[in-house]
Amino acid sequence: MTGSTINLNGADGIVLSGNANVGTATSVVDLTAAANGVSEASTSTILAGTLLSSVGVTGTVDLGSTSNTIASIGTFAVTTGDFVLKSAGSTGV
């Protein structure tokens, strides 16, 4: 899935499974989950100029694929969970 802005909104969580590929090096990837957080398979990839959550995520955010390349992290509120991110590049944090 590519585009300048990618909004993934899951009322019952977001699961990136299999070989999911989200974003490009310049994309804004916006993740929102009302419950059950966000999880990513080790075989999935997020490419993003900016990763953020404009509304927030309830539950753990586990973006554990070592194939992720995320240049920066914007506002990202996590309620009742942890935030785990692995990135092959520098996140500028």
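The values are calculated or read from the model by the stated rules, or taken from the named source; none is laboratory data. All of these numbers come straight from a predicted model, not from anything done at the bench. Note: ideal-geometry Cβ built from the backbone for every residue, glycine included; neighbour counts use all protein chains shown. Surface areas here come from the heavy atoms of the whole protein model, side chains and all, with no ligands, DNA or RNA. Shrake-Rupley method; radii C 1.70, N 1.55, O 1.52, S 1.80 Å.
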T75 versus (1) in contact with an Asp or Glu (Cβ under 9 Å, 6 or more places away or on another chain); (2) assigned to a strand (DSSP E or B); (3) open to solvent by 20 Å² or more (accessible area, probe 1.4 Å); (4) polar (S, T, N, Q): which is the lone unmet condition? (1)
Within segment 21-43, the residues that are in contact with a Gly (Cβ under 7 Å, 6 or more places away or on another chain), in a loop (DSSP other than H, G, I, E, B) and more than 14 Å from F83 (Cβ to Cβ) are A25, T26, S27, A35, N36, A41, S42, T43
If L47 meets every condition in (1) touching a Gly at 6+ places or on another chain (Cβ under 9 Å); (2) farther than 14 Å from S87 by Cα; (3) surrounded by 19 or more Cβ atoms within 10 Å (Cβ to Cβ) apart from one, which number is that one? (2)
When residues of segment 53-71 are limited to those that are outside any loop (DSSP other than H, G, I, E, B) and open to solvent by less than 40 Å² (accessible area, probe 1.4 Å), the one farthest from A11 (Cα to Cα): I70
From the option list T58, T75, T45, T80, single residue qualifying as polar (S, T, N, Q), at positive phi and either in contact with a strand residue (DSSP E or B) (Cβ under 8 Å, 6 or more places away or on another chain) or free of Cβ contacts under 8 Å to residues at least 24 places away in the same chain (or both) is T80
Here is a list: L31, L47, L8. Which entry is touching a Phe, Trp or Tyr at 6+ places or on another chain (Cβ under 9 Å) and of a type in the set (A, V, I, L, M, F, W, C)? L31
Could you pull out the residue among S87, S27 that is modelled with pLDDT under 95, of a type in the set (S, T, N, Q) and open to solvent by less than 40 Å² (accessible area, probe 1.4 Å)? S87
